[in-house]
Amino acid sequence: MDDKPVSVRLLALPESTPTALYGLYEVFSSVGITWTELTGERSGSPRMMTQIVAASAEPFRSPVGLTITPHAAISDDDACDVVIVTDLSLPPGFEPHGRWAKEVAWVKARYAQGPFICSVCTGSIFLAETGLLDGQEAATHWSACDMLRSNYPSVKVRPERILCPSGPEHRLITGGGASSWEDLATYLIAQLCGPEEAVRIAKIFVFGDRHDGQLPYSAMGRHRAHEDAVIATCQEWIAEHYAIANPVARMVARSGLHERTFKRRFKAATGYSPVDYVQALRIEEAKQILETTDELTEAVARIVGYEDPAFFRRLFKRRTGVSPARYRQRFKLIGMRSRETGSPPAGWRAMTRRAG
């Protein structure tokens, strides 16, 4: 490491949203400067010279309506130390193959020169399109895991990770949720400007701790659209009866199908096995109760259909990455705000059904 400035390119695509793009720009622009301004102590860190680049230098309207103004257009001779693609707005059914041809070629050429190539959140879809993630582990936003798996099956998706360094010399770095740009920023600053400066930047911007990973933030995905009327009817029924005993057997009975046929059709229609689907519904309801009530874990387990609290705890941790108590500690204050407005807690449906 020396005093030569670290050269960073933030690659903006038509689908890029501005938060991480401009957040990273501000943070990197503070390296080696802001700590001294705030405290009078000289940081001694190299500067980071950051540019937002795109296929064209013309300003464009982002998916959220704000204008993104690149500093420059991408060019063949643009050597740099870091390239980052931030989060992208990708609607359901988005088809990534064949998009971004100019940007893909530019990133592949940069990678051959030796810099870090990084993504934030759904920006991993773009990195997968470059082919650089083939055979590598990668993180993405929990809601985009299926899109990444289905379009790029050779990528080893790590849905629980916040940051996932991969590839030779760990020069490929993918981030999980939208706010993983904060973790990516401190990681790169530590690598390129020193761990002391990374700590200083974390203090300046009050970056938080996400060592539990991304799973605590995830939720059951959007229901797939399908045309299997029998399975759709079972989905509607189980949404209100997931806490009863033997829910899968009861769905099989209601469907009128042979058990093996039912399970095959259910998986094909929903992407879940029947057991996984019920467990996902139960855990989602348990999370809501933990966020919004003071019910003991044993009571929460019973409310959502588990008579064995130990099994419930194990299942909850497997699906969320944390214990029920840790989950409550992290999210309860947010969930309790609904009470301040007089709204019923999100878990009220299951509790009132149980009471009735």
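The values are calculated or read from the model by the stated rules, or taken from the named source; none is laboratory data. This structure is a prediction, so every number in the text was calculated from the model and none was measured. Here the Cβ positions follow ideal geometry from the backbone for every residue, glycine too, while neighbour counts run over all protein chains shown.
List every residue pair whose Cβ atoms sit under 7 Å apart, with the two residues 6 or more apart in sequence or on different chains, where the first one lies in region 163-178 and is assigned by TED's automatic domain parsing to the domain that holds residue 110 and within 18 Å of residue 81 (Cβ to Cβ) and the second, anywhere, is assigned to a strand (DSSP E or B) and aromatic (Phe, Trp, Tyr). These pairs meet every condition: 171/116; 173/116. With respect to the conditions (1) buried (at least 20 other Cβ atoms within 10 Å of the Cβ); (2) of a type in the set (Gly, Ala, Ser); (3) modelled with pLDDT of 85 or more, residue 213 falls short on a single one, namely (3). One residue stands out in region 29-44 among those that are small (Gly, Ala, Ser) and under 33 Å from the mean Cα position of the chain (by Cα): the one that is nearest to residue 8 (Cα to Cα), namely 29. Residue pairs whose Cβ atoms lie under 7 Å apart, sitting 6 or more positions apart in sequence or on different chains, and linking a residue in region 179-199 that is in the same structural domain as residue 24 (by TED's automatic domain parsing) and more than 12 Å from residue 28 (Cα to Cα) to a partner that is modelled with pLDDT under 90 and surrounded by fewer than 20 Cβ atoms within 10 Å (Cβ to Cβ), are 183/210; 194/1. Which one of the conditions (1) among the aliphatic types (A, V, I, L, M); (2) modelled with pLDDT of 90 or more; (3) touching a Cys at 6+ places or on another chain (Cβ under 7 Å) does residue 178 fail to meet, given that it meets all the rest? Going through the list (1) among the aliphatic types (A, V, I, L, M); (2) modelled with pLDDT of 90 or more; (3) touching a Cys at 6+ places or on another chain (Cβ under 7 Å), residue 178 breaks only (2). Would you be able to say whether some residue in region 137-156 is under 10 Å from the mean Cα position of the chain (by Cα), touching a residue at least 40 places away in the same chain (Cβ under 8 Å), under 22 Å from residue 81 (Cβ atoms) and not in a helix (DSSP H, G or I)? Yes, that holds for at least one residue. The condition (being over 17 Å from residue 244 (Cβ atoms), at pLDDT below 90, β-branched (Val, Ile, Thr) and in the same structural domain as residue 330 (by TED's automatic domain parsing)) is satisfied by just one residue among 270, 297: 270. A search for C-beta distances below 8 Å between a residue of region 236-250 that is free of Cβ contacts under 8 Å to residues at least 12 places away in the same chain and assigned by TED's automatic domain parsing to the domain that holds residue 266 and any residue that is of a type outside the set (Lys, Arg) and part of a helix (DSSP H, G or I), counting only pairs 6+ apart in sequence or on different chains, returns 241/247; 250/241. Does any residue of region 340-349 turn out to be out of contact with any Ser or Thr (no Cβ under 9 Å at 6 or more places or on another chain), surrounded by 12 or more Cβ atoms within 10 Å (Cβ to Cβ) and at pLDDT below 85? The answer is yes, given that some residue of region 340-349 is out of contact with any Ser or Thr (no Cβ under 9 Å at 6 or more places or on another chain), surrounded by 12 or more Cβ atoms within 10 Å (Cβ to Cβ) and at pLDDT below 85. Checked against (1) in contact with a helix residue (DSSP H, G or I) (Cβ under 9 Å, 6 or more places away or on another chain); (2) at pLDDT 95 or above, residue 92 passes all but condition (2).
Here residue 304 fits the description: buried (at least 21 other Cβ atoms within 10 Å of the Cβ) and within 29 Å of residue 228 (Cα to Cα). The residue list 315, 296 contains one member that is more than 23 Å from residue 223 (Cβ to Cβ) and either touching a helix residue (DSSP H, G or I) at 6+ places or on another chain (Cβ under 8 Å) or surrounded by fewer than 21 Cβ atoms within 10 Å (Cβ to Cβ) (or both), which is 296. The set of residues from region 167-188 being assigned to a loop (DSSP other than H, G, I, E, B) and surrounded by 22 or more Cβ atoms within 10 Å (Cβ to Cβ) comprises 176, 177. Filtered by the rule that a residue be among the polar types (S, T, N, Q) and either buried (at least 18 other Cβ atoms within 10 Å of the Cβ) or within 14 Å of residue 123 (Cβ to Cβ) (or both), region 152-166 gives a lone residue, 166. Tell me yes or no: at least one residue of region 119-136 is in contact (Cβ under 8 Å) with a residue 12 or more places away in the chain, within 28 Å of residue 32 (Cα to Cα) and part of a loop (DSSP other than H, G, I, E, B). Yes, some residue in region 119-136 is in contact (Cβ under 8 Å) with a residue 12 or more places away in the chain, within 28 Å of residue 32 (Cα to Cα) and part of a loop (DSSP other than H, G, I, E, B).
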